[in-house]
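Colleague: Before anything else, here's the structure in question.
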Amino acid sequence: MGVRGVTPTDDDIAVGMTIVKPGDMILTVSENGFGKISVVDDYRKTHRGSKGVITIKTTDRNGYVVAIHKVDLADELMVTSKQGKVIRIKVSDIRVTGRNAAGVKIMDMRNDDKIIALLAEHTSSPAGRTMAETMRPMTDPDQIEHAQTETAAAFRRSVRLAPPAFGMTT
């Protein structure tokens, strides 16, 4: 059954979670192209079932929060927009700010475009190689079919969790 982690308001939805320890950094990205990095120590601890702590203001300028990730300054990001625009940026290019800051522009959004996905590539692997360098393509048809099934299931779950601003319905 589990326990209640947070008590959301009617307009709140979960967009992500991560496991952190003191000193870790959290990247928060909003749909209108703004983002910020905050140190975990800036967030006060809360009890189960609390309302939570604001990490970025969801104003008309920022829009809804679409992703959070634990990051390191050596990491790189791939950011994707609704209209198919993709950028690759270094986490170190995003300013580290306080918990309640508004954020800085990380991707230029035009013509009502919105950020819909974010991938943080952790470049500090044990062998010093990036994820792209350590990944091998799948050749076994059973592995490929399983991966496709899992990806489709994850996509269906994410569509149900997406905020109304994305124009998706369930």
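Colleague: Where residues in segment 91-105 are modelled with pLDDT of 80 or more and out of contact with any Phe, Trp or Tyr (no Cβ under 9 Å at 6 or more places or on another chain), which of them is most open to solvent (accessible area, probe 1.4 Å)?
Modeller: R95
Colleague: Which condition number does N111 fail, the rest of (1) in a loop (DSSP other than H, G, I, E, B); (2) within 30 Å of V3 (Cβ to Cβ); (3) in contact (Cβ under 8 Å) with a residue 24 or more places away in the chain; (4) of a type outside the set (A, V, I, L, M) being met?
Modeller: Only one criterion in (1) in a loop (DSSP other than H, G, I, E, B); (2) within 30 Å of V3 (Cβ to Cβ); (3) in contact (Cβ under 8 Å) with a residue 24 or more places away in the chain; (4) of a type outside the set (A, V, I, L, M) is unmet by N111, namely (2).
The values are calculated or read from the model by the stated rules, or taken from the named source; none is laboratory data. Quick caveat: nothing in here was measured; it's all calculated off a predicted structure. Neighbour counts run over all protein chains shown; Cβ positions are idealised from the backbone, glycine included. All accessible areas refer to the heavy atoms of the entire protein, side chains included, with ligands and DNA or RNA removed. Shrake-Rupley method; radii C 1.70, N 1.55, O 1.52, S 1.80 Å.
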